[in-house]
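Each remark here refers to the structure printed beneath this line.
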């Protein structure tokens with residue numbers, strides 16, 4: 001009977017150069033996969049036609065475009081809840097939407113709309129867009145009385161603006177008001193100097 005001495009048995013040795021070669025080959029394979037993998041893309045919203053100021057996005061043709069760099073753009077495959085939103089500046093055909101130009105739906109302060117025209121210097125130099133809200137101050141200069149300024153309307157929604165350019169001398173707006181606010185503004189337009197203060201945008 002033959003007896004094997006286990007101590008004399010040995011496993012075949014693996015050459016270190018072989019191990020190094022295998023490791024290098026695996027690393028190279030991983031790098032090749034990473035380099036050749038196509039970059040991830042995401043859909044962003046794009047204007048398929050010119051989008052005017054104040055027009056709900058759901059009423060114009062908004063499409064999508066797949067991009068690899070979506071920073072600063074509106075991500076999505078459809079408008080969804082943005083259908084009632086508007087833009088503060090006109091967007092040309094092919095231009096992607098950006099969060100900075102979007103304005104939420106206007107929450108009307110009343111059942112009435114009122115037009116006012118003010119010198120640009122008293123209306124934020126015309127930098128007022130649809131969806132903005134403003135406070136209205138009236139300054140009264142009465143003979144023999146010290147000048148006084150009063151807040152006569154606050155949180156007034158702008159529902160329409162006239163695009164007269166950045167250097168327009170007059171700013172024309174349509175605002176949403178209730179009956180009391182309309183009466184106060186109408187009176188102040190004839191007896192005081194009005195100033196608009198734009199509230200911070202969301």
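Quick check: is even one residue across the range 97-119 in contact (Cβ under 8 Å) with a residue 60 or more places away in the chain, more than 26 Å from residue 58 (Cα to Cα) and buried (at least 18 other Cβ atoms within 10 Å of the Cβ)? The answer is yes; a qualifying residue exists.
Among all residues of the range 134-149, there is at least one that is modelled with pLDDT of 90 or more and under 20 Å from residue 85 (Cα atoms).
Only one of these is in a strand (DSSP E or B), on the phi > 0 side of the Ramachandran plot, surrounded by fewer than 16 Cβ atoms within 10 Å (Cβ to Cβ) and out of contact with any helix residue (DSSP H, G or I) (no Cβ under 6 Å at 6 or more places or on another chain): 155, 135. Name it. Unique residue meeting the criteria: 155.
Residue pairs whose Cβ atoms lie under 7 Å apart, sitting 6 or more positions apart in sequence or on different chains, and linking a residue in the range 49-76 that is without any contact (Cβ under 8 Å) to a residue 24 or more places away in the chain to a partner that is not in a loop (DSSP other than H, G, I, E, B), are 60/51; 63/46; 64/43; 64/44; 64/45; 64/46.
The values are calculated or read from the model by the stated rules, or taken from the named source; none is laboratory data. Values in this document were obtained by computation on a predicted structure and should not be read as measured data. Positions of Cβ are generated from backbone atoms using ideal geometry, with glycine treated the same way; all protein chains shown enter the neighbour counts.
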